[in-house]
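S.K.: Structure in structure tokens, see below.
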Amino acid sequence: MSKHPFLSDEWFAVVEKLVEDHGAEVPAHQNVSVNLVITGSPFGDERHMHMGTRDGKGNWGLGLVDGADVTLTTDYDTAKDVFVSGNAQAGMQAFMAGKVKAQGDITKLMAAGAGGGPGGNEALQEAIQGITE
């Protein structure tokens, strides 16, 4: 499978297919909705996306959603490092270093984040890594 630049329209299309193929099941009690504002993107100054879980299913895509529990703002390189690696520790380190700004219920995000990367699904995480430049 070919590689695509992180957060490009092509990347979103391929990741959507990967999520369908691999699933993104999560514990039903982990309900959290997160808006992401990524600055310094090569696809325009800001790239907006959302991700989260609701009733045991992953939910993510382009654009922001109304009523998100948390809005995170970070730069492109930090977003790529955290999202593609699926490393929750890297996310916490970026937050502590001031590379991630949060608005909303950060405790809800931290409680849900214990499951790892996309849905805690290692096969999905590896597939995303495999298609990301």
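The values are calculated or read from the model by the stated rules, or taken from the named source; none is laboratory data. Keep in mind that what you see is a predicted model, and the values were worked out from it rather than measured. Neighbour counts run over all protein chains shown; Cβ positions are idealised from the backbone, glycine included.
S.K.: Counting just the residues of the stretch 89-123 that are small (Gly, Ala, Ser), modelled with pLDDT of 85 or more and more than 23 Å from residue 65 (Cα to Cα), which one comes out surrounded by the fewest Cβ atoms within 10 Å (Cβ to Cβ)?
M.R.: Among those residues, the one meeting the criterion is 98.
S.K.: Report, ordered by the first and then the second residue, all pairs with beta carbons closer than 7 Å, sequence separation of six or more or different chains, a first member in the stretch 87-106 that is farther than 14 Å from residue 77 by Cβ, and a second member that is at pLDDT 90 or above and of a type in the set (D, E, K, R).
M.R.: What qualifies is 104/69; 105/69.
S.K.: Next up: Just to be sure I understand the filter: pairs with C-beta atoms under 6 Å, separated by 6 or more residues or on different chains, first member in the stretch 52-63 and more than 11 Å from residue 32 (Cα to Cα), second member surrounded by 14 or more Cβ atoms within 10 Å (Cβ to Cβ). Which pairs pass?
M.R.: What qualifies is 60/51; 62/12; 62/49; 63/48.
S.K.: Considering only residues that are in contact (Cβ under 8 Å) with a residue 24 or more places away in the chain and within 20 Å of residue 108 (Cβ to Cβ), which ones fall in the stretch 64-78?
M.R.: At the first step, the residues of the stretch 64-78 found to be in contact (Cβ under 8 Å) with a residue 24 or more places away in the chain are 64-65, 67-77.
64, 65, 67, 68, 69, 70, 71, 72, 73, 74, listed by residue number.
S.K.: For the stretch 50-108, which residues satisfy the criterion of being more than 22 Å from residue 12 (Cβ to Cβ) and in contact with a Phe, Trp or Tyr (Cβ under 8 Å, 6 or more places away or on another chain)?
M.R.: Within the stretch 50-108, just 102 meets the criteria.
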